[in-house]
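Input: a single structure, listed below in structure tokens.
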Amino acid sequence: MLTLLFDGVAYGMLLFVLAVGLAVTLGLMNFINLAHGAFAMAGGYTTVLLMNKMGVPFLATLPIAFIVSAAAGALLERTLYRPMYAKPHLDQVLFSIGLVFMTVAAVDYFIGSQQQIMQLPSYLKGRLDLGAASEYIGIGKYRLFIIVVCALLTIVLQTVLSRSRFGSRLRAAVDDPRVASGLGIDVNRVFLLTFAVGSGLAGLGGALGAEILGLDPTFPLKFMIYFLIVVSVGGTTTITGPLLAALLLGIADVAGKYYVPKLGAFIVYALMILILVWRPQGLFGRGATK
């Protein structure tokens, strides 16, 4: 039981890092980017190709995956996404879904449709066995590594958004771009940095999750629904909401597949429906004001 709980927490933390960029762009920038998973896939492929083709150590590939995905996000924000900010949400959805299918086709053409294999370094393989036989818990070394890295990222992100000058400028730019510009805030630059960091976090999550989640050209399509569940159930007004939603999703998914494997993801979707019926605005979302 404790082992399943630990694996579920690790899975949930990984989903949070993958989805938090979408939560930020949707909640703070009011932009629906369903192509968010493409940046995660870019980070995953960056790590796998650097390790398999060039022999780069795993830990060294993680910051590179972040930088590559962040650079791709910054480039697309300047060229494609920025004109879409003022468009209706339906236009944003159709536009970003189109990007997803273009990305899937491009990766399949240039790299191939086969599942990518990533060999973890020896010090991240295996499990740590703790406790007596009656209360045994097996902790996967790599899952422990994921929990530690994702927890540190969560603390840094929460601090930046809630206590830093950049976080204040971002909230001001979202609330009223004209007033923010009049106060000397470069709104376009703030949005560019926000989008780039969100894309970079997705890429880092894709690099960390390549070994657990699997990696192939359909990655953005397979996990799009999970990103949306994290954002919709957790709400988009805080970081705490998506974090809690990701943990609930991770634990429910791991436990459901272990105890009732025939039901598949039914438990996850049932839990999502119950939460949204109870709180349509999400766990930590603000209710609509009259």
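Listing Asp176, Asp216, Asp253 from fewest to most neighbouring C-beta atoms within 10 Å gives Asp176, Asp216, Asp253.
For the chain, adding -39500 (n - 2.57) for each run of n ≥ 4 DSSP H residues and dividing by the number of residues yields -23000 deg cm²/dmol at 222 nm.
Protection proxy ranking, highest mean first, for peptides 107-114, 186-193, 65-72: 65-72, 186-193, 107-114, where packing is the per-residue count of other beta-carbon atoms within 10 Å, averaged. Between Phe31 and Leu26, the built amide H atoms are under 5 Å apart, and every one of these is 5 or more places off in sequence or on another chain.
Distance from the alpha carbon centroid of the stretch 32-64 to that of the stretch 230-264 works out to 24 angstrom.
May I ask for the angle, rounded to the nearest 10°, between helix 240-259 and the longest principal axis of the chain, with both axes built from Cα atoms and the value confined to 0 to 90°? With rounding to tens, the tilt is 30 degrees. Here the 3J(HN,Hα) profile of the stretch 266-275, calculated from phi with Karplus coefficients 6.51, -1.76 and 1.60 at θ = phi - 60°, is 4, 5, 4, 5, 5, 5, 4, 5, 4, 5 Hz, Gly and Pro shown as x. Pair-distance distribution P(r) for the stretch 2-278, from all Cα-Cα distances in 5 Å bins starting at 0: 1, 6, 12, 17, 18, 17, 13, 9, 4, 2, 1, 0, 0, 0 percent. Axis angle, to the nearest 10 degrees, between helix 187-213 and the longest C-alpha principal axis of the chain: 10 degrees. Between the listed residues Ala173, Val100, Ala40, the Cα displaced farthest toward the positive end of the dipole of the stretch 2-278, a dipole computed from Cβ unit charges relative to the Cα centre, is found at Ala173.
Axis of helix 89-110 versus longest Cα principal axis of the chain: the two differ by about 50°, to the nearest ten degrees.
Coupling constants for the stretch 137-145 follow from the phi torsions by the Karplus curve (6.51 cos²θ - 1.76 cosθ + 1.60, θ = phi - 60°), and in residue order they are 9, x, 9, x, 4, 5, 5, 5, 4 Hz; glycine and proline get x. Computed 3J(HN,Hα) for the stretch 116-122, one whole-Hz value per residue from the Karplus formula 6.51 cos²θ - 1.76 cosθ + 1.60 where θ = phi - 60°, is 7, 9, 10, 9, 6, x, 4, glycine and proline marked x.
Simple spin-label estimate for Gln119 and Phe266 gives 4.1 nm between the two label positions (7 Å along the Cα-to-Cβ direction from each Cα). Remark on Gly140: its backbone amide H falls under 5 Å from those of Leu128, a criterion applied only to residues 5 or more positions apart or on other chains, H modelled at 1.01 Å from N. The three principal axes of the C-alpha atoms in the stretch 83-191 carry coordinate ranges of 64, 43, 24 Å, sorted with the longest axis first.
A short reminder: the numbers here are calculations on the coordinates, not readings from a lab. This one's a predicted model, so the numbers in the text were calculated from it and none came from an experiment. Positions of Cβ are backbone-derived with ideal geometry, glycine not excepted, and every protein chain shown enters the neighbour counts.
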